[in-house]
Amino acid sequence: MSNSITIDGKPIPFSEGQTIMEAATAAGVYIPHLCHHPEYTPHGSCKLCNVKVNGRICSACTYPAMDGQDILNNTQELTDDRQKITQMLFVEGNHFCPSCEKTGNCQLQAVAYHLNMLDDHFPLFYPTRAVDASHEALMIDHNRCIFCTLCVRASQQKDHKDVFAISGRGLNKHLIVNAQSGLLKDTDISMNDQAAHICPTGAILIKHTAYQVPIGERLYDHKQIDQVSLASETLKHDK
Amino acid sequence: MNRFIQDLSEKNNFQPTHLLRILREVQAQYHHIPNAVIEQLADLLKISRTHIVSVIEFYSFFHLTPRGHYDILISDSITDNMLGKESLMTYFAQQLKVTIGEVRQDGLVSLANTSCTGMCDQGPAGLVNGYPLTRLTRPRIDQISTLINQQIPLEEWPTALFHVDDNIKQPDLLLNNLIQPGDALKALYQRGLPETLAEISQAELRGRGGAGYNTAWKWHLCYEGPEENAFCEVAAQKKQQRYVVCNADEGEPGTFKDRVLLNAYAHQVFEGMTLCAAIIDAEQGFLYLRGEYLHLYEKLQAVLNERRQSGLLGPNILNRGHNFDIEICLGAGAYICGEESALIESLEGKMGIPRNRPPYPVTQGYLGQPTVVNNVETFMAAAAIAVNGGQWFARVGTEKSKGSKILSVCGDCDRPGIYEYPFGTPIQTVLDDCGAHDVLGVQIGGPSGVFISNQEFARQLAFEDLATGGSFIIFNNERNILEIVNNFIHFFAHESCGFCTPCRVGTSLLKNQLTKIMDGHGSAGDVVALEELCQIIKKQSHCGLGQTAANPVLSTLERYPELYQQQLKKISYEPGFDLDGALETARRLANRNDAGAHLTQVEETYE
């Protein structure tokens, strides 16, 4: 049985049970994403990976690949929409790249570069959000959280803990931690947890490491996110 | 507190799926969910405290900080607003000496807005501790304020305050042919299960919630399972637990027909659910009742008991060997739970966030098992079809929309209430029957539907023309379209679950962009930007809420572009930066709000 989909006209094989994202990554086709990570259950919330499957918009990270699907990914229309979705993530929080210690290693920033985002487009919300620096080794800067739930999933699925959750509704969504005090220092998170290192933005940071790698020598300072992502995620998907 | 929570958890068998009903009782007891209770529940139900906190913060009727002993919510539906809600609310706040959105200092009373409470035919309406207050007037507000200040328990309040009318104005196919309890089940067993499903198939019954999915096909899929399971042994398929869920989370502003159907025809609705259960071989059903319909809860429980005693529910129904029972689960103030997969999440005791699909609920629904979710009216129609046959139903309506549709008619008309029409009925007929004069337009299907102008009243009620879950709001020529749109857009921004970016951020951006235009701060490109924003929310959102949230703007922009254009300034550039807004923090710090502490955005001479 030859299982095959086409993405932007290119035939791509897939195996039973694979999502469109998995099939695409294995074949070296990059689909922009932020909430997706090959090691965790797909979430489908950031909507950057939305592709057109036989004319219908579907999230590539959750939608199963099925024989005969004709998929559009790298089109002007989708790139424009993805750029706007990224801009929405920027204006919703407080993302000041030049003064953020994650700059150059930040996936949100790298996706924005990739999509050629040159401004915020939408009016900024300037929400008032807190910083939780209570933990000796880690900190949460809520200003930069994009609610991708990667830390939630990493903590549950890899660390076998339950440190994080996303609470609230609509624009009031916010990251909470599993401690009666509501503070990170009172949770059972440790420096070695996957959850401590998974944040695609600068919302969860390792203290005392900020400028060990100088700006200009960081991951996305010289590489596009599509190269980085394909190189690191192909193997993980194959596992 | 300890004992109460312990007993409550025990009563609910320590089931995390029962979290919503446990929290409802805690909220009623303590007027909020205290921290200590969260800790205790986490322990007893063996779930994380973050799970409990996230559920509390998701649903509008749960609170982490105390509400008043009398917690009053006023419906902010457009119809309530048209009946003078705004000034009544101000009056209420004055009488009670409470700030809107807050709790009075003595903790006795709190007053806030809430989304449509489903009393649009008898508004302005509200809720006190979850129970409906209808036809609010100043004298009624005086009366209520006195009762509260005297701390009279709710049970001792005059029942007239809570009176809810059915207002059935025009019955047709279904409402004129009510079945006797048990008749549909008797017909089912006489005719045979597959044969009855064939009748429903022949009736071409489509889901009444608005989406119009073929009901017989949904039941068939739920029973047969997905294609890949088709080769499983029948015995293996049989082992699967299946569920029947009745969606009574009637949250679309302007609709209230399910309220009436459940008040007056609950037997027939439950009978339809039992019928479905027999056909798909389910033993457990749920009625997901929106929290705003708490007043129906006891009555519905009584109907269920009656059915159990008559052998129409419970073990060995009609001695045919089928066991089936129905549980009623109350929501807690979240419009999104009307979306079937969000509803299932909520039934499981979680936040109501729509799932990724596939898999669909028919194959993996409640607790991952095959589940049929249908609207109240759909189950009611299915029961009638079982008795009267598929032909009886299919001869009414249009080619693609068989049978009748029950409408909740409200807004500017003489006789708001429940009207039933064969599909294919022109809008004008409805307007004539309910006594609507000087009509500007009609919102069909609620905010998520479409606004039609008075040039379109020849259009028909039908899935192929104007599909609707039942909401039918009439506006006369004195109404301001932009204000209507604004009310709807605020509603969606408030009810967005926040799961996906386009809806979470987009609906709030849309709200702000519309406000900018309405307030006269829009310039040449702002209507284009508004439409562009609408398109992206519609196209890229995760579920039906986001995909329809921009409809109020899109459908009015298409019909009345000049209304939007007229609001724009004649200047070519308007700074996006809100100069006066930026001073808000400084004003708060300086504790002043005089004219001198404000700046105008643009010098008027620029115009």
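Annotations for the structure displayed:
- Within a straight-line Cα-Cα reach of under 24 Å, B:Lys299 can be paired with the following lysines, leaving aside sequence neighbours fewer than 8 residues apart in one chain: B:Lys11, B:Lys169, B:Lys257.
- Shielded residues, the stretch A:150-173 - accessible-area loss of 10 Å² or more between chain alone and all protein chains, probe 1.4 Å: A:Asp162, A:Ala165, A:Ile166, A:Ser167, A:Gly168, A:Arg169, A:Gly170, A:Leu171, A:Lys173
- Per residue solvent-accessible surface (Å²) - chain A, probe of 1.4 Å: 43
- About the Cα centre, charge dipole magnitude for the protein assembly as shown (Lys/Arg +1, Asp/Glu -1 at Cβ), debye: 1040
- Per-atom-type breakdown for the protein assembly as shown gives carbon and sulfur 50% of the accessible area (1.4 Å probe, protein chains only).
- Residue with peak Gaussian network fluctuation, chain A [Cα springs, cutoff 10 Å], from A:Gln180, A:Gln109, A:Gln83: A:Gln180
- Measuring max minus min along each principal axis, the C-alpha atoms of the stretch B:461-572 give extents of 42, 36, 23 Å (largest first).
- Low-density loop positions, chymotrypsin sites (Phe, Trp or Tyr not before Pro), the stretch B:508-591 - DSSP coil, at most 13 other Cβ in 10 Å: B:Tyr573, B:Phe577
- Rounded is the label for the stretch B:2-58, because the ratio a/c of its alpha-carbon gyration tensor axes (a ≥ b ≥ c) stays below 1.5.
- Cβ charges +1 (Lys, Arg) and -1 (Asp, Glu), total dipole of chain B, debye: 1040
- On association of chains A and B, roughly 3300 Å² of accessible area becomes buried (total for both chains; probe 1.4 Å).
- Charged-residue dipole, Cβ positions (Lys, Arg, Asp, Glu), chain A about Cα centre, Debye nearest 20: 260
- Prolate/oblate/rounded label for the protein assembly as shown (Cα gyration tensor, a/c 1.5): rounded
- Unpartnered cysteines - no second Cys beta carbon under 4.7 Å - across chain A: A:Cys49, A:Cys58, A:Cys61, A:Cys97, A:Cys100, A:Cys106, A:Cys145, A:Cys151, A:Cys199
- Aspartates and glutamates whose Cα lies under 13 Å from that of A:Lys185, excluding same-chain neighbours fewer than 8 positions away: A:Asp132, A:Glu136
- Threshold 50 Å² - residues in the stretch B:26-58 whose accessible area is reduced by that much or more when the chain is no longer isolated, probe 1.4 Å: B:Arg49, B:Thr50, B:Glu57
- Nearest-10 value in Å² for the accessible area of B:Val528, using the 1.4 Å probe: 100
- Antiparallel content of DSSP bridges confined to the stretch B:70-165, in %, to 5: 55
- In the elastic network of chain A, a GNM with C-alpha springs shorter than 10 Å, the most mobile of A:Ser59, A:Ser190, A:Ser45 is A:Ser190.
- Whole-angstrom Cα spans of chain B along principal axes, big to small: 82, 62, 50
- Mean ellipticity per residue at 222 nm, deg cm²/dmol - from DSSP H runs of n ≥ 4 across chain B, formula -39500 (n - 2.57): -12500 deg cm²/dmol
- Accessible surface area normalised per residue over the stretch B:70-165 is 41 Å², counting heavy atoms of protein chains with a 1.4 Å rolling probe.
- Alpha carbon Rg of the stretch B:345-402, scaled by the compact-globule rule 2.2 N^0.38 Å: 1.53
The values are calculated or read from the model by the stated rules, or taken from the named source; none is laboratory data. All figures in this text were calculated on a predicted structure; none of them were measured in a lab. For neighbour counting, all protein chains shown are included, and Cβ atoms are generated from backbone atoms with ideal geometry for every residue, glycine included. We work out accessible area using only protein heavy atoms, side chains counted, and drop any ligands, DNA or RNA first. Shrake-Rupley method; radii C 1.70, N 1.55, O 1.52, S 1.80 Å.
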